[in-house]
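Participant: Just passing along the structure, written as structure tokens.
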Amino acid sequence: MNNKIYCSTGTIIGRENNYDFNFILQNAGNIEADGFELMMLKAYYENFDIMAKLFARNNLFFPILHTDKDIGTLISTNGEGDFEEAIRLFESNCKFAGDIGAEKIVLHLWGGPDSDKNLDNNIFVCERLLEIATKNKLKLMIENIPCAVWDPLVYWNKLYKLYKDVYFILDTRFLAFHEQIESVYDTDWFRCENLIHMHVSDLAGKPHDFSSLRPILHPNEGLIDFKKFFDKLKTNYNNTITLESPVLSKDGLDIEKLNKSLKYIKEAMENL
């Protein structure tokens, strides 16, 4: 297997350090990952050009960009002007992804209070999003975001039947939220060639309870049996994985803990 293990910039950037992208530059050299997944934040929009130049100058590798989560929320809300704003943000995110060398983009296709209440609309909008991503030479990956009404994997099936060029990213915490961490092993999705990326973090608390989604835990701090998960995964998966568990607190960054989790994932996927 030749899986690349990435680190989300969301693990080190947040409210505690004022969403300052310079913390990426300051800490990247000490993080033992094969590359980074850039988590898009509102604070970045006015700094796209500066960030792209700084990242290039420091030889930082961003193969994946996680698009603005508000895109899916706007599509789900679908109020006056929401669709147009979602498209505008998505186009902006795609251009920035190209500027920092990304090849894949993560999308929350639904979200917010309305979640999947009117998801047929979200699925219809996906056609336009695919066109934009393809134009920018990016692979669009839809994440298994928690649903308020139904089941994210059901929606994946609908998307796959409609759009053969759509790709998927499986998030372990969201699997546990929907109590799918065991059942997914026997699904076609666990072996699907369109499943090309994964997010790793752990979950504590009750499934189907949105308050359980925070805090975002590191592997083996919650209820997921990661040994079993990786044992199942490594038999057929040969693609990218991103650690999303944060190490940011009011006391600063725990880079040692971050590297410990990255090392755990790498070793778990290598030990056949």
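The values are calculated or read from the model by the stated rules, or taken from the named source; none is laboratory data. Just so you know, these numbers come straight off a predicted model, no measurement behind them. Note: ideal-geometry Cβ built from the backbone for every residue, glycine included; neighbour counts use all protein chains shown. Side chains included, ligands, DNA and RNA excluded: accessible areas come from the protein's heavy atoms. Shrake-Rupley method; radii C 1.70, N 1.55, O 1.52, S 1.80 Å.
Participant: Only Cα pairs under 8 Å and at least 6 apart count here; give the relative contact order of region 127-209 as a rounded whole percent. Let's see the in-between values first.
Facilitator: On the way: 90 pairs, mean separation 25.1, N = 83.
About 30 percent, as a whole number.
Participant: Can you give the helix-only mean residue ellipticity at 222 nm for the chain, where every DSSP H stretch with n ≥ 4 adds -39500 (n - 2.57) and the sum goes over all residues, rounded to the nearest 500 deg cm²/dmol?
Facilitator: Calculated from helices alone, the mean residue ellipticity at 222 nm is -11000 deg cm²/dmol.
Participant: Let me ask something else. Cα gyration tensor of region 28-74, axes a ≥ b ≥ c as square roots of the eigenvalues: rounded (a/c below 1.5), prolate (a/b > b/c) or oblate?
Facilitator: oblate
Participant: Students often get this wrong, so try it: which of (i) 62, 52, 34; (ii) 49, 42, 35; (iii) 45, 45, 34 is Cα extents along the principal axes in Å as calculated from the structure shown?
Facilitator: Of the listed options (i) 62, 52, 34; (ii) 49, 42, 35; (iii) 45, 45, 34, (iii) comes from this structure.
Participant: Keeping the other protein chains in place, figure out the carbon and sulfur percent of the accessible area of region 62-174, with a 1.4 Å probe.
Facilitator: Here carbon and sulfur together make up 50 percent of the probe-accessible area.
Participant: Additional query: Using 0.36 nm per residue of separation minus the Cα-Cα distance, give me the extension gain between E46 and D165 in nm, one decimal.
Facilitator: Taking 0.36 nm per residue and subtracting the Cα distance, the gain is 39.7 nm.
Participant: A follow-up question, please. Mind running the shape call on region 41-140? Use the C-alpha gyration tensor, a ≥ b ≥ c as the square roots of the eigenvalues: rounded below 1.5 for a/c, prolate if a/b tops b/c, oblate otherwise.
Facilitator: prolate
Participant: Separate question: Using a simple spin-label model with points 7 Å from Cα along the Cα→Cβ vector, what separation in nm is obtained for D34 and D186?
Facilitator: 3.1 nm
Participant: Between T235 and E193, what is 0.36 nm times their sequence separation minus the Cα-Cα distance? Round to one decimal in nm.
Facilitator: Working: separation 42, 0.36 × 42 = 15.12 nm, distance 1.36 nm.
Separation in residues times 0.36 nm, less the Cα-Cα distance, equals 13.8 nm.
Participant: Using a Gaussian network model of the chain whose springs link C-alpha atoms within less than 10 Å, name the residue from D251, D120, D231 with the highest mean-square fluctuation.
Facilitator: Highest fluctuation among the options: D251.
Participant: How large is the charge dipole for region 1-88, taken about the Cα centre, if only the Cβ atoms of Lys, Arg (+1) and Asp, Glu (-1) carry charge, to the nearest 20 debye?
Facilitator: Value, rounded to 20: 340 debye.
Participant: With a probe of 1.4 Å, find how much accessible area region 169-272 has per residue, and write the answer as a whole number in Å².
Facilitator: Counting only protein heavy atoms, the per-residue value for region 169-272 is 48 Å².
Participant: Just to be sure I understand the model, the point goes 7 Å from the Cα along the line to the Cβ. What's the resulting N22 to K228 distance in nm?
Facilitator: Output for this residue pair reads 4.7 nm.
Participant: Right, something else. E267 versus R57, label points 7 Å from Cα toward the beta carbon: distance in nm?
Facilitator: Reported label-point gap for E267 and R57 is 3.8 nm.
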